[in-house]
1. Could you work out [θ]222 nm for the chain from helices alone, using -39500 (n - 2.57) per DSSP H run of at least four and dividing by all its residues? Round to the nearest 500 deg cm²/dmol.
2. Could you work out the Rg to Rh ratio of the range 46-171, with Rh taken as the Kirkwood radius (inverse of the mean 1/r over all Cα pairs)?
3. Quick check for me: using +1 on Lys/Arg Cβ and -1 on Asp/Glu Cβ, what's the dipole size of the chain about its Cα centre, in debye to the nearest 20?
4. Pull out the extension gain between residue 139 and residue 73, defined as 0.36 nm times the separation in residues minus the alpha carbon to alpha carbon distance; nm, one decimal.
5. Read phi for every residue in the range 323-332 and hand back ³J(HN,Hα) as whole Hz from Karplus 6.51 cos²θ - 1.76 cosθ + 1.60, θ = phi - 60°, with x for Gly and Pro.
6. Which one, (i) 18.5, 65; (ii) 31.8, 119; (iii) 24.3, 95, gives Rg and Dmax of the Cα atoms in Å as derived from the coordinates shown?
7. Given a cut-off of under 8 Å on Cα pairs at least six residues apart, what relative contact order in percent is computed for the chain?
8. Take the Cα of residue 66, step 7 Å along the line toward its Cβ, and report every residue of the range 107-137 whose backbone nitrogen sits under 20 Å from that point.
Amino acid sequence: MRQVEVSTPSLLDEKLWPAYTGILVFFVWFPYVWPFAYLAGVILGLMLVRKWLTKQIVGVTGLSFHQKEQLLFVNDRVSLKMDVTGIEQLETLGIPTSIRLVTGHGLTFDEDQSVHTLQLRHESSYLLSIHAKRRGPVQIEECTLQFKLPFWLGTIFLTGFTLPSWIILPSITRQNRFDSRLVRMGDRLVKHSPLNDPLMIQSTKRYEQEPVKQIDWVATAKTGKLQAKVFQRQNLDTFTLALDLSGPLGNGLHGRYEELIQQAAYLVSYLVKEDCKVELFINRLDADNQIDHLRMSDGRKQLRLALVRLAWVHESDRFVASKRFNQIIERQKHPHAEVIRIDALLLNRIAVG
């Protein structure tokens, strides 16, 4: 619901309305002091004009936002459309209008500013550039329309609008040179990748923009046309990602937890694109005091759900120590899935690599 606040000179304060009314009624009948009665009448008239202008402003002014998407990645830039109605009517009354927008942590306007002030003119639509800076849920926290009244009557502030919000997802790009092939294979002892097991080649098919490593050169030489390998699905294509955000000693929040979250986002994205089934454990407690667990599935929907889970992780959450977390994973993970641990040890391996 919209709220109206008025900043006005102290002489025009609404609380003085009874005092000015009394001066007007009583002083008008006495000689020498009757000018004060007329002065009080002028002030009361100005207060009535201000009240009428406030009603007109609230009645004709409208503000709405239109956003194309609610999910953004870190460093994304999008345009937010803002529609304002009633500006032309206010300009005919000589009332300049401006808007003040304040973003939450992790979201900025142009030039990385968290506060944006815009003078509204004849246009009814405006495009605001939004820059996603940090992972997590964000929104425009404050929106205030300011109307400067004529004749020094004060300024009207209109708030209480429905404001847009976003969820900023972690980046799914690998930001280091560490070869994560062995990490993707989980805890298994075999050295080949389970995603494209050379022992599980079922047949070949006509090449359709698959990765070059999947081209079957022998079949290509026989047929004279590019042929791609067709792999047989197997149970090894199921993975359990265990995101442990504890510090090196197994408790407390790791100082580089954002890097761990980004690594988890990259691995989920990679495995889903390879048509693998993925489940995700995070060593934090949810609203039901249970370990945060995204159950086994595959496809784009699973990737979206995983990224949203990772985006909602906050340093104020309640986290489980590593030892207890590993015990829970052993009991609750999918029986045929291979475990990929994303923890402090992984950061050490990346540093060495």
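FYI, it's all coordinate maths here, none of it is from the lab. All values derive from a computational prediction rather than experimental measurement. No Cβ is skipped: glycine too gets one built from the backbone with ideal geometry, and neighbour counts run over all protein chains shown.
1. -9000 deg cm²/dmol
2. Rg divided by Rh gives 1.05.
3. Working: 43 positive and 36 negative charges, 234 e Å.
It works out to roughly 1120 debye.
4. Numbers: separation 66, 0.36 × 66 = 23.76 nm, distance 1.43 nm.
Going from the current span to full extension adds 22.3 nm.
5. Going residue by residue, I get 4, 5, 4, 5, 5, 5, 4, 4, 7, 9 Hz, with x marking Gly and Pro.
6. (ii)
7. On the way: 623 pairs, mean separation 52.5, N = 353.
Dividing the mean separation by the residue count of the chain yields 15 percent.
8. 120-131
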